[in-house]
Amino acid sequence: MSCLWLAGLKLLDALQDEFFRLFKKTVRGFDQEDVHDLRVASRRLREGLALFAPILPRGRLRRLSHRVRELTRLLGELRNADEAALFFADLESQAPMEARPEARRLREELTAEGGLIRLKLEKDLRRFDAAALRKDFQRGLGTPEPFKRRQADPFHPFPSFAAAAFAERGAQAEALLPTALEGKDAAAQHRLRIAVKKLRYRLEIVAPLLSDQGEEARRILKRYQDLLGELHDVDVFAGLVRERVPDGAAREELLETMGKLRGELFASFLELDAKQPLGPLTARVGASLTGRETRQAR
């Protein structure tokens with residue numbers, strides 16, 4: 001994988017293989033973990049397309065990314081329902097006694113809604129023509145033409161390209177961080193969560209270039225993603241409580257319990273930022289990637 005062109009061939013093939021393997025596995029059993037893994041694989045494949053966009057045909061790239069995104073959205077509906085049911089199951093045990101019946105009712109409603117979404121997803125996935133999509137990938141990407149003019153030199157050393165591409169995603173996340181560190185700005189925290197997720201997927205794609213396969217950086221980014229995701233979930237589920245629970249003591253107690261949980265999560269987020277800041281982390285990964293290129297050139 002010494003040059004961008006060869007790396008694009010190898011890594012995009014690997015991302016496609018994983019995506020279509022998980023699609024077949026999910027359609028066979030519709031296991032909850034398989035659904036989650038397929039959704040992650042679809043996001044990682046889209047990030048791979050974004051990473052290698054400078055050497056890919058633009059029109060075909062947009063169409064392929066759109067098709068994969070359609071599947072990501074289908075899978076996301078079930079994930080949201082499952083996470084909501086799990087959240088309110090936990091909340092039922094944490095809330096004051098007077099509020100637990102309402103938490104139980106919400107859990108039961110969301111579990112039933114999740115069952116309906118699952119049935120619809122099973123039908124949608126069986127209708128989803130994965131074989132046609134794979135052919136579209138083969139036709140749409142095919143073998144990149146190294147001598148056709150592109151946005152980037154296909155013979156550019158891949159390690160330095162990967163370092164610059166990772167730094168780009170890192171800069172996007174860092175720019176969002178100051179506002180996200182303001183406790184009540186849920187929208188900024190949500191935007192940072194998405195940016196960190198893309199940064200993590202990009203890291204996982206270029207991980208073969210790193211001595212530890214990017215394991216340390218991946219662990220830290222996963223922690224950021226998990227905390228920001230849990231913060232977002234609390235905000236969304238608090239909205240459900242406001243929509244579905246009548247005014248009264250039970251509603252206020254549920255919201256108060258969720259507010260305390262959000263405060264704990266935000267404190268953990270601040271602690272993580274203090275101990276493992278994003279800036280030095282992305283700098284270390286970039287240095288490792290460019291160091292790999294320097295060692296290869298010797």
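Every read-out reported here was derived from the displayed coordinates using simple, explicitly stated rules and does not represent laboratory data. Bear in mind the structure is a predicted one, so any value in this text is a computation, not a measurement. Neighbour counts are summed over all protein chains in view; Cβ atoms, including those assigned to glycine, are modelled from backbone coordinates with ideal geometry.
Is the chain best put as rounded, prolate or oblate by its Cα gyration tensor, with a ≥ b ≥ c the root eigenvalues, rounded for a/c under 1.5, and otherwise prolate when a/b is larger than b/c, oblate when not?
oblate
If you plug each phi of region 211-216 into the Karplus form 6.51 cos²θ - 1.76 cosθ + 1.60 with θ = phi - 60°, what whole-Hz ³J(HN,Hα) values come out, in order, with x for Gly and Pro?
For region 211-216, the Karplus-derived couplings read 4, 9, 6, x, 5, 5 Hz, x marking Gly and Pro.
Under the 0.36 nm per residue contour assumption, what length would be gained going from the current alpha-carbon distance of residue 25 and residue 136 to full extension?
That pair, residue 25 and residue 136, stretches by 37.9 nm at full extension.
Given the options 288, 93, 160, state which has the largest fluctuation in a GNM of the chain using a 10 Å cut-off (strictly under) for Cα springs.
In the Gaussian network model the winner is 93.
Quickly work out the residue 63-to-residue 9 label distance, labels modelled 7 Å from Cα along the C-beta direction, and quote it in nm with one decimal.
Modelled inter-label distance: 2.4 nm.
Just name one of 74, 268, 32: the one whose Cα is farthest towards the positive end of the charge dipole of the chain (beta-carbon charges, Lys/Arg +1, Asp/Glu -1).
74
Quick one: helix 186-206 against the long Cα principal axis of the chain, what's the angle to the nearest 10°, folded into 0 to 90?
On a 0 to 90 degree scale, this one is about 40.
So which of 10/135; 10/198; 120/184; 25/135; 197/275 end up more than 26 Å apart, counting from Cα to Cα?
In this structure, 120/184 lie more than 26 Å apart at Cα.
Place the peptides 265-272, 14-21 in order of packing, highest mean first, counting for every residue the other Cβ atoms within 10 Å and averaging per peptide.
Per-residue Cβ counts within 10 Å, averaged per peptide and sorted highest first, yield 14-21, 265-272.
Put +1 on the Cβ of each Lys and Arg and -1 on the Cβ of each Asp and Glu in region 112-238; which of 180, 234, 128 then has its Cα farthest toward the positive end of the dipole?
Value computed over the given set: 128.
Please list the non-local residues whose amide H lies under 5 Å from the amide H of residue 3, H modeled 1.01 Å from N, same-chain partners needing a gap of 5 or more.
158
Can you give the extra length, in nm with one decimal, that the chain gains between residue 187 and residue 112 once fully stretched, where that is 0.36 nm per residue apart less the Cα-Cα distance? Each step should come with its number before you reach the end.
Numbers: separation 75, 0.36 × 75 = 27.00 nm, distance 2.90 nm.
Once the chain is fully extended between residue 187 and residue 112, it gains 24.1 nm.
Using the beta-carbon distance between residue 247 and residue 226 and R0 = 30 Å, what value does 1/(1 + (r/R0)^6) give for FRET efficiency, to the nearest 0.05? Write down the numbers at each step before the final one.
Working: r = 33 Å, r/R0 = 1.10.
Once the sixth-power term is evaluated, E becomes 0.35.
Would you calculate, for the chain, the mean residue ellipticity at 222 nm contributed by helices, counting each DSSP H stretch of 4 or more residues as -39,500 (n - 2.57) and dividing by all residues, to the nearest 500?
Only helices count here, giving -29000 deg cm²/dmol.
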